[in-house]
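Below is one structure, written out as structure tokens, with a few remarks after it.
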């Protein structure tokens, strides 16, 4: 350091900004931090004045981050994550959890329903699930293990292939009806609500148009379409009998085996060119991270 005092923004406004940016809501940020909405607003104004830039665009009934706000949020995610990891490592009474990163859908549908088995076998190991739909920097964000959906050629070196992906239409028994035994017609489609996932990977096989074309039903009009931006929401809607989903077989296998979901009879089931991989952080793993790694591999092959 050159002896000059660092002109850093104060911490409390940064915390207020991070919460408001994450929720895109001053109200929800205030609830999370046990402050008033006006206190959050004052913190944001003070931070913008300190930095000399606008961090939010205030639109009617919603907030939107500016380019500068997006940059600051990305930086704070890394910095706050590092601070949290350092604080935990300095605590003599707290066990450091094994942090596992995955997408929201995989966490909700495949990982979380199984985690109680690991905790029963290894109660001495704490686990932290970090679920989001971005590819994280494992080293910078303190991630021990990650579940990633990737083409084989893009899978990180030394990663472990867990399982592939089989996609086909499915629904609750009361919705599927006799379509579990007979191929759907245009009249059948006109009586169905299709549950559509807005897949950020742009996989065409997660959209209904290519399925209808493949089944010889191009141009068929459903009764309605429900759109979701998280895959676990699609499956929750299917389980609730709200329509027919394009199911990822491995992620919903327990619902197929229990009969809560049934596959529609189709002459084609799509085998994706991507697969799910288990990735380890660079460097030597802690013993507890290796325990979770080995358990996940066993779950995928069992």
Legend entry - Fraction of beta bridges assigned by DSSP in segment 148-302 that are antiparallel (%, nearest 5): 70
Legend entry - Sorted by Cβ density within 10 Å, fewest first, the residues 270, 23, 227: 227, 23, 270
Legend entry - Computed [θ] at 222 nm, helices only, for the chain once each DSSP H run of length n ≥ 4 contributes -39500 (n - 2.57): -11500 deg cm²/dmol
Legend entry - Tilt relative to the chain, helix 67-90 - C-alpha long axis, 0 to 90 degrees, to 10: 80
Inset, instruction - Using packing as a proxy for protection, rank 191-201, 55-65 so that the peptide with the highest average count of other Cβ atoms within 10 Å comes first. - result: 191-201, 55-65
Inset, instruction - For segment 11-88, state the semi-axes of the equivalent ellipsoid (square roots of 5 times the eigenvalues of the alpha-carbon gyration tensor), sorted largest first and rounded to whole angstrom. - result: 20, 15, 12
Legend entry - Residue order, fewest to most beta carbons within 10 Å, for 261, 212, 83: 83, 212, 261
Inset, instruction - Report P(r) for segment 58-184: all Cα-Cα distances, bin width 10 Å, range 0 to the bin holding the largest distance, values in whole percent. - result: 9, 27, 29, 21, 12, 3, 0
Inset, instruction - Report the relative contact order of the chain, percent, no decimals, based on alpha-carbon pairs under 8 angstrom and at least 6 residues apart. - result: 21
Legend entry - Proxy reagent accessibility, fewest Cβ within 10 Å first, across 15, 202: 202, 15
Legend entry - Descending semi-axes in Å of the chain, equivalent ellipsoid built from Cα gyration tensor: 41, 27, 17
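When a/c reaches 1.5 or more, the comparison of a/b and b/c decides; with that in mind, is segment 166-271 rounded, prolate or oblate per its Cα gyration tensor?
It comes out rounded by the Cα gyration axes.
No lab work stands behind these numbers, since they all come straight from the coordinates. Computed from a predicted model, the values in this text were never measured in an experiment. Backbone-built Cβ (ideal geometry, glycine too); neighbour counts: all protein chains shown.
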